[in-house]
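**Q** Can you keep this structure in mind? I'll have questions shortly.
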Amino acid sequence: VQLQASGGGLVQAGVSLRLSCAASGRTFSNYVMGWFRQAPGKEREFVAAISWSGSSTSYADSVKGRFTISRDNAKNTVYLQMNSLKPEDTAVYYCAARWGPYSDRLHAYEYDYWGQGTLVTVSS
């Protein structure tokens, strides 16, 4: 499956931004989808994940209550709604797809496909 992330940009702290990740190539609804991010000089970290149907979601503690992951299987797209952005949210955001069961804490190595990343920069 091919993943194309979009929606990043330069924003001020406190505003909202929505990232999208469009999938193509195979049956999107068969994949668990996740968002990860990597800040400069840091390791890639988990942000959010969503099950095949969208009925289960999980979040990193740092974004819980501010970010919302969702998916539209008819459009083969997963979203990350980011509210109340903070400078520490600055990172390249990656979407990922996993052919396998959903779990609340999937590690990056458990995902099979990755998008190219979209840069989010939050200024103070």
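The values are calculated or read from the model by the stated rules, or taken from the named source; none is laboratory data. Note that the coordinates shown come from a computational prediction; the quantities given were computed from them, not determined experimentally. Backbone-built Cβ (ideal geometry, glycine too); neighbour counts: all protein chains shown. Quick note on the areas: whole protein, heavy atoms, side chains included, nothing else; ligands and nucleic acids left out. Shrake-Rupley method; radii C 1.70, N 1.55, O 1.52, S 1.80 Å.
**Q** Please go through segment 94-120 and pick out each residue that is touching a Gly at 6+ places or on another chain (Cβ under 6 Å) and surrounded by fewer than 14 Cβ atoms within 10 Å (Cβ to Cβ).
**A** Leu119
**Q** Which residues, taken from segment 30-46, are in a loop (DSSP other than H, G, I, E, B) and buried (at least 22 other Cβ atoms within 10 Å of the Cβ)? Before you say what the answer is, go through the steps one by one.
**A** Restricting attention to segment 30-46, the residues satisfying the condition of being in a loop (DSSP other than H, G, I, E, B) are 31, 39-44.
Listed by number, the list holds a single entry, Tyr31.
**Q** Residues Ala74, Ala91: which one is hydrophobic (A, V, I, L, M, F, W, C) and loosely packed, with under 14 Cβ neighbours inside 10 Å? Please lay out each step first, then the result.
**A** Values: Ala91 fails: loosely packed, with under 14 Cβ neighbours inside 10 Å.
Ala74 is the lone residue from the list that is hydrophobic (A, V, I, L, M, F, W, C) and loosely packed, with under 14 Cβ neighbours inside 10 Å.
Here is a yes/no grid of residues against (1) within 10 Å of the chain's Cα centre (by Cα); (2) touching a residue at least 12 places away in the same chain (Cβ under 8 Å); (3) open to solvent by 30 Å² or more (accessible area, probe 1.4 Å):
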position: Cys21; (1), (2), (3): yes, yes, no
position: Phe28; (1), (2), (3): no, yes, no
position: Ser53; (1), (2), (3): no, yes, yes
position: Val78; (1), (2), (3): yes, yes, no
position: Ser84; (1), (2), (3): no, yes, yes
position: Val122; (1), (2), (3): no, yes, no
